[in-house]
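First comes the structure, then the notes that go with it.
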Amino acid sequence: MQVTESDETSESSAQSDEIIQFLSFAVSNEIFGIDLIHVHEILRPVFITRIPNVEEYVLGVINLRGEIIPIVDLKKKFEQGFTEITKISRIIVLEFNSKRFGLVVEEVKQVIKIKKSSISFINNQLSMDFNHMIDNVGRSGDLIVLLIDLNKLISLT
């Protein structure tokens with residue numbers, strides 16, 4: 001089969017219209033997103049067992065149905081203080097590279113759908129403390145979402 005230019009154009013426009021789902025959540029009055037494919041579950045805050053001699057942003061571990069899961073305070077990871085646990089705080093349990101870990105966030109918002117063509121690469125000249133973990137920004141309607149790169153988050157954890 002021979003591929004014509006119009007076939008290539010329709011393929012590339014179909015790829016740019018691909019929709020990716022993200023779980024959106026709030027940390028330090030900013031809206032972040034993580035690819036939904038990595039979200040294992042969302043928990044209400046539970047008792048976290050402290051572990052000595054770990055980084056400040058590692059709050060400890062939880063026992064999730066017999067599996068020990070490390071818990072990271074994302075706000076502290078962004079060097080913006082500790083997350084105040086409230087009624088709307090949540091632990092997002094993620095699975096990435098066959099490992100599970102949890103992120104404490106101030107609030108889980110919703111699952112949002114973002115067209116691949118609406119995702120923009122950003123440079124690392126941002127003045128935000130969390131810019132080294134953010135490569136892309138997505139637009140969903142009027143909402144701007146900072147998309148967390150789990151490779152960078154894990155490598156820095």
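The values are calculated or read from the model by the stated rules, or taken from the named source; none is laboratory data. As the structure is a prediction and not an experimental result, all values here were calculated from the model. A quick note on method: Cβ atoms are made from the backbone with ideal geometry, for glycine too, and the neighbour counts reach across all protein chains shown.
Data overview
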| quantity | calculated |
| --- | --- |
| Qualifying residue in segment 81-100 (condition: more than 23 Å from Asn151 (Cα to Cα), without any contact (Cβ under 8 Å) to a residue 60 or more places away in the chain, assigned to a strand (DSSP E or B) and among the hydrophobic types (A, V, I, L, M, F, W, C)) | no |
| Matching residues in segment 58-79 - criterion: being assigned to a loop (DSSP other than H, G, I, E, B) and more than 20 Å from Leu23 (Cβ to Cβ) | Arg65, Gly66, Glu79 |
| Output for segment 26-57, where each listed residue is part of a loop (DSSP other than H, G, I, E, B), in contact with a Leu (Cβ under 8 Å, 6 or more places away or on another chain) and either among the basic types (Lys, Arg) or surrounded by fewer than 17 Cβ atoms within 10 Å (Cβ to Cβ) (or both) | Arg50 |
| Residues (over 17 Å from Leu143 (Cβ atoms) and either in contact with a strand residue (DSSP E or B) (Cβ under 7 Å, 6 or more places away or on another chain) or crowded, with 17+ Cβ neighbours inside 10 Å (or both)) located in segment 97-118 | Arg100, Phe101, Gly102, Leu103, Val104 |
| Test: residue in segment 149-157 that is in contact with a Pro (Cβ under 9 Å, 6 or more places away or on another chain), in a loop (DSSP other than H, G, I, E, B) and modelled with pLDDT under 95 | yes |
| Residues of segment 80-92 satisfying the condition of being modelled with pLDDT of 90 or more and either hydroxyl-bearing (Ser, Thr, Tyr) or farther than 13 Å from Leu59 by Cα (or both) | Thr83, Thr86, Lys87, Ile88, Ser89, Arg90, Ile92 |
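Listed here are the residues, each with its yes/no results for (1) modelled with pLDDT of 95 or more; (2) within 13 Å of the chain's Cα centre (by Cα).
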residue	(1), (2)
Ile68	yes, no
Leu74	no, yes
Phe78	no, yes
Leu94	yes, yes
Asn97	no, no
Lys109	yes, yes
Lys116	no, no
Ile119	no, no
